[in-house]
Amino acid sequence: MNESIHNSTVEAVVKESARITPESTDEVRQITLQIDDPSFRYMEGQSIGVVVPGPHHFGNTHYMRRYSITNDNVSAADGVAEFSLLVKRCFYIDEVNGEQYPGIASNYLCDASPGDKIALSGPYKSPFKIPPETTDNILMIGTGTGIAPFRVFIQNIYREKGSWQGNVRLFYGATSGMDLLYMNDLNDDLANYYDERTFQAFCGLESRPLSKASEGLERSIADNAEELWSLIQQPNTYVYLAGLKDVAKTFNTKMAEISGSENTWETLKKKLTQENRLSELLYT
């Protein structure tokens, strides 16, 4: 992703960079940034643009990639803003020559050390809104670190409402090691943040060479097709998609299969959209 950059950027300092997955799996880091600027403000669930200095391919002087802020709004007594990003060290295969190249922004962030300075743009508004009633159902669909906005979203739900009677479900796909983002022993998010009586996470794990997280999402959806289809037909169910654009393609394909036809799913999807019960936060 190389989106347009705001006219101005703000300087952040890396406070901490900690790997949260084992050495034998994909590298995912939780990177904590601090901004000593009284004018900088952000809200839970927003994303921030990481500006990587160039030169880059095609003559670009800068490259920008958006990442979702994964924690609550924290400000120290002296006005210093602090927040974290979840970043997977990514690589991609050139379709022409077959060579592997490092992802620009992810490797830039994963290589950063405490004390390093990073330019940021934004923050950018989140499309995710908490449903109006605590009896509403919430379905979250995503892959990899792209589901980071769901972490804060769920925290906000249980913190602001106190309890939630509706079903809260997370369906996501991951490659080896990525399941630790939400269900792990190191950072036990389920115990710390979620009401396990109403919240459940279903992960499809793909660890085969060159496998994609979207394949894991397919498995997660297929394994829970009956419950997913039952919930999504209810008039008080809200659906949220996050991650790469493959998420939407995978979700729509599987829902067409589960519903029995593409027309059936498209009709229901149109109804969800018209009633503002379908929200997306997708990246290229």
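The values are calculated or read from the model by the stated rules, or taken from the named source; none is laboratory data. In this text, all values refer to a predicted model and were calculated from it rather than measured experimentally. Don't worry about glycine lacking a Cβ; one is built from the backbone with ideal geometry, like all the others, and counts go over all protein chains shown.
Points to keep in mind about this one:
- Counted residues, region 213-272 - those being in contact with a helix residue (DSSP H, G or I) (Cβ under 6 Å, 6 or more places away or on another chain), farther than 28 Å from residue 28 by Cα and free of Cβ contacts under 8 Å to residues at least 60 places away in the same chain: 8
- In summary, residue 88 fulfils each of the numbered conditions (1) within 19 Å of the chain's Cα centre (by Cα); (2) surrounded by fewer than 18 Cβ atoms within 10 Å (Cβ to Cβ); (3) not aromatic (Phe, Trp, Tyr) with the single exception of condition (2).
Results for (1) out of contact with any Gly (no Cβ under 6 Å at 6 or more places or on another chain); (2) modelled with pLDDT of 75 or more; (3) over 28 Å from residue 216 (Cβ atoms), shown as yes or no for each residue.
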site: 78; (1), (2), (3): yes, no, yes
site: 84; (1), (2), (3): yes, yes, no
site: 105; (1), (2), (3): yes, yes, no
site: 111; (1), (2), (3): yes, yes, no
site: 119; (1), (2), (3): yes, yes, yes
site: 145; (1), (2), (3): yes, no, no
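- The residues of region 157-193 that are modelled with pLDDT of 55 or more, surrounded by 16 or more Cβ atoms within 10 Å (Cβ to Cβ) and not aromatic (Phe, Trp, Tyr), listed by number, are 157, 166, 167, 168, 169, 170, 173, 174, 175.
- Set 98, 115: member being on the phi > 0 side of the Ramachandran plot, in a loop (DSSP other than H, G, I, E, B) and modelled with pLDDT of 85 or more: 115
- Residue within region 262-270 that is surrounded by 16 or more Cβ atoms within 10 Å (Cβ to Cβ), more than 22 Å from residue 129 (Cα to Cα) and in the same structural domain as residue 157 (by TED's automatic domain parsing) present: yes
- Filtered residues of region 242-255 (kept if outside any helix (DSSP H, G or I) and either closer than 11 Å to residue 277 by Cα or of a type in the set (Phe, Trp, Tyr) (or both)): none
- Any hit, region 194-202, residues being modelled with pLDDT under 75, in contact with a strand residue (DSSP E or B) (Cβ under 9 Å, 6 or more places away or on another chain), assigned to a strand (DSSP E or B) and outside the structural domain of residue 87 (by TED's automatic domain parsing): yes
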